[in-house]
Amino acid sequence: MARTRAALLAAAADVFAERGYDGASVDEIARAAGVSVGSIYSRFGSKQDLFRALMTGYLEGDLDRVRSGMDTGPEQGLAELETVLLETARSRPATLLDAESWAAAMRSPALRAAVSDHHRRVRAEAAAMVARGRAANGVDLGVPDEEVATAMIALFHGLVREYRLGVPGEAPPDLYSRMVHALATGLAALAADGGGPPGGP
């Protein structure tokens with residue numbers, strides 16, 4: 001049973017990546033997994049629920065890795081996050097799924113709700129990571145942890161696209177961690193001076 005579920009999720013990742021959510025069919029996913037269409041409906045209920053389970057699986061795996069890094073310290077957590085970013089960018093299916101989750105959310109209100117839930121979980125985890133980093137370094141960033149987390153997430157997805165394009169020299173492999181450090185250092189300096197981010201209140 002677990003093997004069939006794993007085979008379906010692996011097949012779904014390939015088909016959704018290549019066809020997009022709208023272009024993918026449960027028949028094609030079932031054929032790719034070597035199982036019946038009924039196996040999809042009995043385990044996931046619908047194509048939408050299969051897509052949600054797929055994205056949740058990726059999320060949980062990535063979060064577990066970053067949490068393990070954070071247990072060692074904020075720097076290791078950031079290093080693990082950068083590794084996840086680079087692995088995502090080097091994988092055609094992972095890169096396409098990253099883009100497709102956003103595109104599908106823009107086309108479908110139901111999927112938008114699911115992807116928004118996914119995003120809120122990522123932001124909450126990233127905000128917790130920021131909070132632990134602040135506490136470990138004894139600094140005040142002067143802005144809510146959630147706002148820093150939002151910027152980190154936007155940088156993550158943007159760099160996935162930059163790395164995947166593969167323009168030589170435009171995105172060094174340590175760019176993510178360097179930019180996160182620069183963001184935190186700049187915010188901490190502004191907070192220490194009693195100011196706030198440019199354009200802020």
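Bin width 5 Å, alpha-carbon pairs only: give the P(r) of region 72-180 as whole percents, running from 0 to the bin holding the largest distance.
2, 11, 19, 22, 19, 14, 9, 3, 0
Could the peptides 141-153, 64-76 be put in order, highest first, of the mean number of other beta-carbon atoms found within 10 Å of their residues?
For the peptides 141-153, 64-76, the packing ranking is 141-153, 64-76.
Counting only helical runs of four or more DSSP H residues, what would the 222 nm mean residue ellipticity of the chain come to if each run contributes -39,500 (n - 2.57) and the total is spread over all its residues?
After summing the helix terms and dividing by residue count, I get -28000 deg cm²/dmol.
Using the C-alpha atoms of region 38-93, what convex hull volume per residue, in cubic angstrom, is computed?
So the per-residue hull volume is 82 Å³.
What size of dipole, in debye to the nearest 20, comes out for the chain about its Cα centre when the only charges are +1 on Lys and Arg C-beta atoms and -1 on Asp and Glu C-beta atoms?
That gives the chain a dipole magnitude of about 640 debye.
Return the tail of the calculated pair distribution for the chain, meaning the percent of Cα-Cα pairs more than 29 Å apart. Don't skip to the end; give the middle numbers.
Details: 6638 of 20100 pairs.
Everything past 29 Å amounts to 33 percent.
Once Lys and Arg get +1 and Asp and Glu get -1 on their Cβ, which of 183, 41, 6 lies farthest toward the positive end of the dipole of the chain?
41
Quick one: grab the alpha carbon gyration tensor of region 110-156, order the square roots of its eigenvalues as a ≥ b ≥ c, and give me rounded if a/c is under 1.5, else prolate or oblate depending on whether a/b is larger than b/c.
Cα axes put region 110-156 in the prolate bin.
Okay, which of region 132-162 sit inside 18 Å, backbone N to the point 7 Å along the Cα-Cβ direction of residue 71?
Counting backbone N atoms under 18 Å from the label point, the list is 132-133.
On average, how much area does the Cα convex hull of region 1-65 cover when viewed from any direction, in nm²?
4.2
Once you have the Cα-Cα distance between residue 161 and residue 2, take 0.36 nm times their residue separation minus that, and quote the gain in nm to one decimal.
Working: separation 159, 0.36 × 159 = 57.24 nm, distance 3.29 nm.
Answer, rounded to one decimal: 54.0 nm.
Quick one: 3J(HN,Hα) in Hz for region 111-122, Karplus 6.51/-1.76/1.60 with θ = phi - 60°, rounded, Gly and Pro as x.
5, 4, 5, 5, 5, 5, 4, 4, 5, 4, 5, 4
Could you work out the relative contact order of region 1-73? I mean the mean sequence separation of Cα pairs under 8 Å and 6+ apart, divided by the number of residues, in percent.
Relative contact order, region 1-73: 28 percent.
For Cα pairs less than 8 Å apart in space and 6+ apart in sequence, what is the mean separation divided by the residue count of region 104-175, i.e. the relative contact order in percent?
Value for region 104-175: 22 percent.
Name the residue farthest towards the positive end of the dipole of region 72-201 from the options 84, 113, 127, assuming +1 on Cβ of Lys and Arg, -1 on Cβ of Asp and Glu, about the Cα centre.
So the residue we want is 113.
Considering only protein heavy atoms and a probe of 1.4 Å, how much of the accessible area of the chain is carbon and sulfur, as a whole percent?
Using a 1.4 Å probe with all protein chains present, the chain comes out at 56 percent carbon and sulfur.
Multiply the residue separation of residue 177 and residue 154 by 0.36 nm, subtract the distance between their alpha-carbon atoms, and state the gained length in nm to one decimal.
6.9 nm
Could you tell me what a quarter of the Cα convex hull surface of region 73-125 works out to, in nm² with one decimal place?
On the way: hull surface 16.1 nm².
Orientation-averaged projected area of the Cα hull: 4.0 nm².
The values are calculated or read from the model by the stated rules, or taken from the named source; none is laboratory data. Quick caveat: nothing in here was measured; it's all calculated off a predicted structure. As a convention, Cβ positions derive from the backbone with ideal geometry for all residues, glycine included, and neighbour counts pool all protein chains shown. For accessibility, only protein heavy atoms count, side chains too; no ligands or nucleic acids. Shrake-Rupley method; radii C 1.70, N 1.55, O 1.52, S 1.80 Å.
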